[in-house]
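We did not get these values from a lab; they are worked out from the coordinates using the rules stated. Everything quoted here is computed from the prediction, not taken from an experiment. Reconstructed Cβ throughout: ideal geometry from the backbone, glycine too, with neighbour counts over all protein chains shown.
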Amino acid sequence: MADETRRRISSPNVPEPPPGTFSRAIQVGNQLFVAGMTANSPTGVDGGDSMYDQTRAVFTKIAHLVEAAGGTMNDIVKMTGFITDIKRREDYLRARRDYFTADPPASTLVEVTALAAPGLLIEVEVLAIIGSSRTRTAGVSRARKSARAGASGRGRARRRGRRQ
């Protein structure tokens, strides 16, 4: 049975929030829940007023946390993005593409009026299933074989049923 222990994930490349406020990432078994990440940093807002650069800063932080949990960006299965100007979504999408080499995760993008600090343009939270990208092909093949076997079995039963 898989280890279902709840543990906090951190990375030296991602500043920790103030104690007692929230966790950047929590892992339970192979599931990793990453809190909303922004381009906020100890020196200001990484990426300035650029949606593209802020998005890259956000996904870099997310990558550090997913890797600290033993995964890759392709293990992310669900993503929710919050942006302050929906007209700039193409910059967000362009930056996001650089971080995924497999099928992109199921995603929602929502426009909001503001984020937690002035100057922030983007916030992203994700759910990753650690190790899922390594088993994708085998799982798809098994599912297809099973579906074909089930379909052919049902077809035989129907044909037999007609003869009776």
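Taking each residue as 0.36 nm, the span from GLU4 to THR84 lengthens on full extension beyond its C-alpha to C-alpha distance by 25.2 nm.
Would you tally the net charge around ARG8, using a Cβ to Cβ cut-off of less than 10 Å, leaving ARG8 out, and scoring K and R as +1, D and E as -1?
So the surrounding residues net to +2.
In this simple spin-label model, placing a label point 7 Å from the Cα along the Cα-to-Cβ direction at both VAL77 and THR60 gives a separation of 3.0 nm.
Taking Lys and Arg as +1 and Asp and Glu as -1, the other residues whose beta-carbon sits under 10 Å from that of ALA35 total -1. Most tightly packed first, judged by the mean number of other beta-carbon atoms within 10 Å of their residues, the peptides 92-98, 103-109, 17-23, 77-83 read 77-83, 92-98, 103-109, 17-23.
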